[in-house]
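Written below as structure tokens is the structure these notes are about.
The values are calculated or read from the model by the stated rules, or taken from the named source; none is laboratory data. The structure presented is a predicted model; accordingly, all values stated were derived computationally and were not measured. Because the Cβ atoms are built from the backbone with ideal geometry, glycine has one as well, and the counts that use them run over all protein chains shown. Just so you know, the surface numbers come from the protein's heavy atoms only, side chains and all, with ligands and any DNA or RNA stripped out. Shrake-Rupley method; radii C 1.70, N 1.55, O 1.52, S 1.80 Å.
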Amino acid sequence: MSNIVIRHANIVTPVGNSARRGKEMDMLTVIPDGAIVISDGRITYCGADRNLKAELVSECHESIDACGRVVLPGFVDSHTHLVFGGYRPDEFEWRLKGDSYMSIMERGGGIQSTVNATRVESYSELKKKAEWFIDRMVSMGVTTVEAKSGYGLDVATEVKMLDVIDSLSKDADRKLRVVATFLGAHAVPQEYKGRTAEYVDFMIREMIPAVKGKAVFCDIFTEKNVFEIDDSRRFLQAAREAGFKLKLHADEIVTLGGAELASEMGAVSADHLLHVSDQGVARMAESGTVATLLPLTAFALREPFAPARKFIDSGAAVALATDLNPGSCFSGSIPLTIALACIYMKMSVEETITALTLNGAAALDLASETGSIEVGKSGDVVILEFENYRMLPYYVGMNCVNTVISRGRIVAHN
Ligand SMILES: [Zn+2]
């Protein structure tokens with residue numbers, strides 16, 4: 001039995017067990033002098049501090065006085081590639097000199113170079129590196145993270161990556177919840193160059209059965225000259241039949257119809273969407289597929305930001321995530337994500353908070369488990385340094401998280 005009470009908190013949270021769409025994203029519940037009780041990892045009280053019963057307090061082993069500071073739901077980073085071999089600083093320099101992401105990929109750099117490194121790195125090397133990132137994420141208030149495979153592109157390495165991801169959720173002192181995604185369809189590996197359809201066949205025949213039970217989601221890089229619409233559809237159908245929930249990297253580099261395909265397939269989320277068509281936005285608003293936008297990647301690639309306002313104003317659900325990966329976006333910065341969303345994507349601070357909490361959870365199909373501070377949900381909360389949540393983007397790129405509580409346990413105190 002472990003109970004914790006947070007008193008005199010300025011509680012700020014979206015509410016509900018599903019993604020908030022359109023105008024709902026701007027609506028947060030604020031409890032100015034609030035209290036939260038977490039018993040055995042679950043929230044058992046969330047309300048006014050003055051209404052907190054004395055016997056509830058006496059059962060708590062740990063009491064935190066928030067002194068009026070903001071308490072938010074733990075952040076959900078619903079799109080990362082945090083397990084990988086090697087690093088790619090040379091490519092970063094090439095891009096600064098003007099080379100495009102796709103031109104680097106075509107000459108054997110890009111994802112393939114990380115694939116080569118990941119295939120030779122051991123399980124424990126990969127794990128040690130990932131744990132370094134997990135610690136940084138936790139200190140920025142992340143209590144749920146998604147992690148993708150996709151740097152193996154062969155059965156053995158994809159399985160090795162998913163085993164590392166599984167171990168991160170069990171070890172790493174269980175600091176946060178880790179959700180695994182199989183991304184064998186991240187790129188066409190060198191050995192299948194020019195034979196995309198055969199690689200799709202191979203994934204369906206050999207990889208999907210090998211990773212079944214090791215990942216909740218299946219994801220694909222739907223892009224021109226990578227996996228185009230027909231191959232993507234065929235792969236996603238097989239994944240769905242095998243019991244995976246679906247995600248897509250969609251319309252990142254060119255407008256291809258990835259958003260429309262995600263809606264058609266009932267994907268839980270479609271991610272990136274820098275070049276989504278107006279029709280794609282409308283289809284996602286109808287289907288409820290969460291639009292996961294990744295501003296750090298657009299920033300790092302000097303690309304235009306995804307049209308967040310278009311999605312929200314059309315009634316769609318927007319989530320924000322970091323896309324941490326060794327190539328296009330070597331950053332897991334939550335504070336910078338918040339700043340870019342508010343400054344460049346014209347999202348309100350309220351919408352940004354919803355996008356990083358409840359809608360992030362919805363992008364992982366976990367909206368009834370985490371993403372808001374409500375009775376019955378997992379005890380995942382962050383205490384900020386200040387009393388007014390509107391100061392969140394004002395501290396551009398600075399970490400203003402004071403304390404992080406994950407499943408009822410203090411996991412970081414900055
Ligand atoms: Zn990605």
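Considering only segment 147-194, state which residues are assigned to a loop (DSSP other than H, G, I, E, B) and touching a Gly at 6+ places or on another chain (Cβ under 6 Å).
His186
Go through segment 1-99 and tell me which strands (runs of 3 or more DSSP E), entirely inside it, have 3 or more residues that are touching a Pro at 6+ places or on another chain (Cβ under 6 Å).
none
Given the options Ala270, Ala259, name the one that is in a strand (DSSP E or B) and within 16 Å of the ligand (Cβ to nearest atom).
Just one listed residue meets the conditions, Ala270.
Inside segment 277-304, can you point out the residues that are closer than 21 Å to Leu364 by Cα and open to solvent by 10 Å² or more (accessible area, probe 1.4 Å)?
Passing the criteria: Arg283, Ala285, Glu286, Ser287, Gly288.
Step by step: first the residues of segment 278-304, then only those that are assigned to a loop (DSSP other than H, G, I, E, B) and over 30 Å from Trp94 (Cα atoms), then the one that is farthest from the ligand (Cβ to nearest atom). Which residue is that?
Selected residue: Gly288.
Could you list, in sequence order, all residues of segment 243-265 that are open to solvent by less than 20 Å² (accessible area, probe 1.4 Å) and of a type in the set (A, V, I, L, M)?
Residues satisfying the conditions are Leu246, Leu248, Ala250, Ala259, Leu261, Ala262, Met265.
Check Val159 against each of (1) modelled with pLDDT of 95 or more; (2) in contact with an Asp or Glu (Cβ under 6 Å, 6 or more places away or on another chain); (3) open to solvent by 10 Å² or more (accessible area, probe 1.4 Å) and name the one condition it does not meet.
All conditions pass for Val159, except number (2).
Among the helices (runs of 4 or more DSSP H) contained in segment 305-414, which hold 3 or more residues that are under 17 Å from Val145 (Cα atoms)?
334-343, 349-356, 358-362
Test of understanding: among Phe330, Phe386, which residue is touching a helix residue (DSSP H, G or I) at 6+ places or on another chain (Cβ under 9 Å) and either open to solvent by less than 30 Å² (accessible area, probe 1.4 Å) or touching a residue at least 12 places away in the same chain (Cβ under 8 Å) (or both)?
Criteria check complete, one pass: Phe330.
Mind counting the residues in segment 311-356 that are at pLDDT 95 or above, among the small types (Gly, Ala, Ser) and within 16 Å of the ligand (Cβ to nearest atom)?
Residues that pass the stated criteria total 5.
Away from the ligand (no atom under 16 Å from the Cβ), open to solvent by 10 Å² or more (accessible area, probe 1.4 Å) and either of a type in the set (Val, Ile, Thr) or closer than 21 Å to Gly376 by Cβ (or both), is that true of Lys53?
For Lys53, the condition - away from the ligand (no atom under 16 Å from the Cβ), open to solvent by 10 Å² or more (accessible area, probe 1.4 Å) and either of a type in the set (Val, Ile, Thr) or closer than 21 Å to Gly376 by Cβ (or both) - is met.
Restricted to segment 82-110, and to residues that are open to solvent by 30 Å² or more (accessible area, probe 1.4 Å) and within 16 Å of the ligand (Cβ to nearest atom), which residue is farthest from Leu28 (Cα to Cα)?
Met105
What about His79, is it loosely packed, with under 15 Cβ neighbours inside 10 Å, in contact with a strand residue (DSSP E or B) (Cβ under 8 Å, 6 or more places away or on another chain) and not hydroxyl-bearing (Ser, Thr, Tyr)?
No, not satisfied.
Would you check which residues across segment 177-219 are among the polar types (S, T, N, Q) and crowded, with 21+ Cβ neighbours inside 10 Å and list them?
Residue satisfying the conditions is Thr181 alone.
Looking for something out of contact with any Gly (no Cβ under 7 Å at 6 or more places or on another chain) and within 22 Å of Asp219 (Cβ to Cβ) - is there at least one such residue anywhere in segment 345-355?
yes
Restricting to segment 162-176, what's the tally of residues that are out of contact with any helix residue (DSSP H, G or I) (no Cβ under 9 Å at 6 or more places or on another chain) and open to solvent by 50 Å² or more (accessible area, probe 1.4 Å)?
Qualifying residue count, segment 162-176: 4.
Return the pair list, or none, for Cβ contacts closer than 9 Å from residues in segment 109-125 that are under 15 Å from Tyr192 (Cβ atoms) to residues that are open to solvent by 40 Å² or more (accessible area, probe 1.4 Å) and small (Gly, Ala, Ser), at least 6 apart or on different chains.
Final answer for the pair search is Arg119/Ala156.
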